[in-house]
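Structure first, commentary second.
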């Protein structure tokens, strides 16, 4: 009997994960990760993790599996929270869920599990794993979940071969309704429980409120950039090489205060992200305003009217070598090589046709169609067929 440690979060997905593994004959241990107990940044009096750990414990009792809570809040603060504040301060938008999987669940947590003699770590992610022997070596593949509405492979886009080799995703072949039906039939307390919203493991915290704990409010202006802004209409130069062309089109527009009109005030450019509409509180325009750029040094938010505003769109982005990651190391490109893929720049976005271009200092991702709100700090992930091959942080 192989031993599996399941990250029991107190939700229906991880509950059914533990149930299925037990049914399949594994020796299952449930661990609840407590990743937060700094009340200074929790905005409500409710204590979500307590409720969740109770639910996890009740599920473990019902399944007759050992259960314990592990406190990872120190590592979580260091690796996720501090990083998030740092990124937002720089005007970038990090993805805590992707980091949480790479740094916590499949690193710190995995080490604890292996210390308990586990052969595998299992999570309730909607994705699948496959393996194939290539040139005498076992290669692990990360595949999209069967449920298109819930596919969570994007959140695991930073996993390594080593991490994948020890991971199990038992619900990847199922849809969410099927998972709920299994939970109901097994009489698990989490069967009807709503999916958690909020930061990975911190629970019911609204991101702006969370950020305000550490990043002080600072009043600045909101500037509206017209569609007639000169950089939108100027002719592209003649390029010496494909790389020059990619570099040109991956460069974001630069705006100054005098390029538009001041239409309002805000409490800190670092609270806003590209593509954001809510929270601007500026009226008087035919269509809503969207954030097209933030300048955290000057503390200015630049906006454009309507979701088809030119300032929102680019079709090329760049990833530096330092922030480039191949799940399939055997398929990594070398400078000069290209690869046709499908890619997404955020969770739940439908996959878009793109071509990867490897250059000396990184990788360009060139989309066939312009993408809205390409945001530095977020992850781009690329796929061939259903397999996620690699990812990188947008620079």
Inset, instruction - Have a look at 233, 303, 190 and tell me which one the Gaussian network model of the chain (Cα, springs below 10 Å) gives the largest fluctuation. - result: 233
Inset, instruction - Go ahead and run the numbers for FRET between residue 173 and residue 69, Cβ-Cβ distance against an R0 of 41 Å, rounding to 0.05. - result: 0.90
Legend entry - Degrees separating the helix 48-63 axis from the principal Cα axis of the chain, which is the longest one: 30 degrees
Legend entry - For the chain, alpha-carbon Rg and Dmax in angstrom: 22.6, 69
Legend entry - Top of 16, 359, 238 by mean-square fluctuation, Gaussian network on the chain, Cα under 10 Å: 238
Legend entry - Highest-MSF residue in the chain out of 125, 325, 309 [GNM, Cα springs under 10 Å]: 309
Inset, instruction - Sort 53, 196 so the one with the fewest other Cβ atoms within 10 Å of its own Cβ comes first. - result: 196, 53
Inset, instruction - Note the full-extension length gain between residue 254 and residue 134 as 0.36 nm times their separation in residues minus their Cα-Cα distance, in nm to one decimal. - result: 38.5 nm
Inset, instruction - Take every Cα pair under 8 Å in the stretch 153-298 that's 6+ residues apart, average their separations, divide by the length, and report that relative contact order as a whole percent. - result: 19 percent
Inset, instruction - Counting only C-alpha contacts under 8 Å and six or more residues apart, can you give the relative contact order of the chain as a whole percent? - result: 16 percent
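Rounded to the nearest 0.05, what FRET efficiency do residue 244 and residue 350 have when you use their Cβ-Cβ distance and R0 = 25 Å?
Computed FRET efficiency for residue 244 and residue 350 comes out at 0.25.
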Legend entry - DSSP-defined antiparallel bridges as percent of all bridges, the stretch 85-186, nearest 5: 80 percent
Legend entry - Residue order, fewest to most surrounding Cβ atoms within 10 angstrom, among 129, 353: 353, 129
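To check you understand DSSP bridge types, tell me what percent of the beta bridges within the chain (both residues inside) are antiparallel, rounded to 5.
Values: 53 of 72 bridges.
Of the beta bridges lying entirely in the chain, close to 75 percent run antiparallel.
Return the FRET efficiency for the residue pair residue 315, residue 286: r is the Cβ-Cβ distance, R0 is 30 Å, and the value is rounded to the nearest 0.05.
Result of the calculation: an efficiency of 0.65.
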Inset, instruction - For the stretch 3-212, give the share of DSSP beta bridges that are antiparallel, in percent and rounded to the nearest 5; count only bridges with both residues there. - result: 40 percent
Inset, instruction - On a 0 to 90° scale, report how tilted helix 176-185 is relative to the longest principal axis of the chain, with both axes built from alpha carbons and the result rounded to the nearest 10. - result: 20 degrees
Inset, instruction - From the C-alpha gyration tensor of the stretch 313-393, pull out the three semi-axes of the equivalent ellipsoid (sqrt of 5λ each), sorted largest to smallest, in whole Å. - result: 18, 14, 12
Legend entry - Cα gyration tensor shape of the stretch 3-212, rounded if a/c is under 1.5, else prolate or oblate by comparing a/b with b/c: oblate
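In deg cm²/dmol and to the nearest 500, what is the mean residue ellipticity at 222 nm of the chain if only DSSP H runs of at least 4 residues count, each as -39500 (n - 2.57), divided by the residue total?
That comes out to -5500 deg cm²/dmol.
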Inset, instruction - May I ask for the angle, rounded to the nearest 10°, between helix 12-23 and the longest principal axis of the chain, with both axes built from Cα atoms and the value confined to 0 to 90°? - result: 40 degrees
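Throughout, read-outs are computed from the coordinates displayed, never taken from laboratory work. Computed from a prediction, not measured in an experiment: that's the story for all the values here. Glycine gets a Cβ as well: all are built from the backbone with ideal geometry, and neighbour counts include every protein chain shown.
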